[in-house]
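To keep things clear, I will list the structure first and then write my remarks on it.
Each value in this text was obtained by applying a stated rule to the coordinates, not by laboratory testing. Keep in mind the model is a prediction, meaning the values are calculated, not measured. As a convention, Cβ positions derive from the backbone with ideal geometry for all residues, glycine included, and neighbour counts pool all protein chains shown.
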Amino acid sequence: MYPNDGQAPTSAHVHPLKKSEPVIAKFRILTLLLSAALPIAPAQTKADAEGQYERGEKLFSTYCVRCHGKNADGEGRMVKRLYRKLKTQLPSNFTLGIYSDRPAEYLHKIITNGGENHSMSKYMPPFGEELSAKNIDDLVHFIRKTPEKYAIDP
Amino acid sequence: MQTQSKQKLLHAAFIIAAMLTTITAQAAEIVVDQHNKTFVVEGNKVEAITINAGDTLRFRNDDPFFHNIFSLSDLKTFDLGSFPKGQSKTVTFDKAGMAEVECAIHPEMYMEVTVK
Ligand SMILES: [Cu+2]
């Protein structure tokens with residue numbers, strides 16, 4: 001998807017305009033309803049898809065909350081205590097609409113290899129050795145679904 | 001004969017004095033290995049360690065995967081970033097108090113550092 005392999009898209013650091021959020025939200029509900037009616041993508045088995053959000057959420061609350069926050073809003077305990085003081089790039093806020101459009105393979109790569117290997121913050125650790133590829137798939141699914149969850153539940 | 005033993009005594013006293021000054025004046029560097037996702041000092045797994053103010057901890061990764069050691073304690077707040085096997089990074093503790101040391105990749109890793 002990204003021909004400049006290893007390079008994170010620059011929009012990663014751009015926050016979408018707050019004004020456009022409700023429109024996005026409505027659209028998201030529609031997509032969610034539509035996708036629920038559609039059969040599961042052929043690449044994924046039913047067992048994989050079932051409970052994937054919950055599995056991702058559980059992994060997230062174990063490995064990612066301290067930075068990305070318990071609401072996935074980028075306000076983990078490390079942010080206030082350390083990253084703001086260091087004036088370094090803050091952990092991403094996954095409730096932002098942009099994250100549902102992030103290609104799965106891009107998110108997968110960053111979680112596997114860490115930020116430093118993708119020209120992002122060195123404080124985003126590599127999880128490729130600690131977590132299985134399937135674990136990371138679940139996390140990617142969770143991240144991409146998070147904006148929807150927040151859009152529906154204001 | 002008498003002067004010779006006196007000289008020896010003086011010599012010994014000098015060596016002891018020199019040793020004492022190195023102990024008090026020179027802060028120690030203690031190696032803390034990360035091994036099997038635990039903290040290891042001199043071959044023993046530790047969950048707490050006591051050091052003196054001015055001492056340095058050298059966090060050395062002895063596992064074939066990354067660790068990312070950090071602390072959010074008021075005493076010393078730091079994040080060493082992720083580093084692979086064989087690499088090490090140091091943190092010097094200048095003030096007395098307690099610091100909790102964790103790993104950003106492995107939530108089960110935890111160690112308390114008491115600085116006297
Ligand atoms: Cu670790």
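Counting only other chain Cβ atoms within 10 Å of each residue's Cβ, the peptide B:74-85 averages 3.
Computed from label points 7 Å out along Cα-Cβ, the spacing between B:Ala27 and B:Ala53 is 1.1 nm.
Shielding of peptide A:66-72 by partners, expressed as the average count of other chain Cβ atoms within 10 Å per residue Cβ, is 1. Ordered by the number of other Cβ atoms lying within 10 Å of each residue's own Cβ, fewest first, B:His67, A:His68, A:His118, B:His35 fall into the sequence B:His35, A:His118, A:His68, B:His67.
Pairs from the table (A:Lys80/A:Lys149; A:Lys58/A:Lys145; A:Lys109/A:Lys134; B:Lys37/B:Lys76) lying more than 18 angstrom apart at Cα are A:Lys80/A:Lys149; B:Lys37/B:Lys76. Backbone amide hydrogens, once placed in the peptide plane, bring B:Gly81 within less than 5 Å of B:Ile69, excluding anything fewer than 5 places away on its chain.
Within a straight-line Cα-Cα reach of under 14 Å, B:Lys116 can be paired with the following aspartates and glutamates, leaving aside sequence neighbours fewer than 8 residues apart in one chain: B:Asp55, B:Asp94. Amide H to amide H, with H built 1.01 Å from N, A:Phe127 comes under 5 Å of A:Thr112, A:Asn113, A:Gly114, counting only residues 5 or more places away or on other chains. In this calculation the C-beta distance from A:Ala133 to B:Gln7 is compared with R0 = 51 Å, giving a FRET efficiency of 0.10.
For region A:49-149, the relative contact order is 33 percent, taking Cα pairs closer than 8 Å that sit 6 or more residues apart in sequence and dividing their mean separation by the residue count.
Close amide H partners of A:Cys64, meaning residues 5 or more places away or on another chain with modelled amide H under 5 Å apart, do not exist here. Put the Cα centre of region A:70-92 next to the Cα centre of region A:104-126 and the gap is 16 Å. Taking every C-alpha pair closer than 8 Å and separated by at least 6 residues, the mean separation divided by the residue count of region B:28-115 gives a relative contact order of 32 percent.
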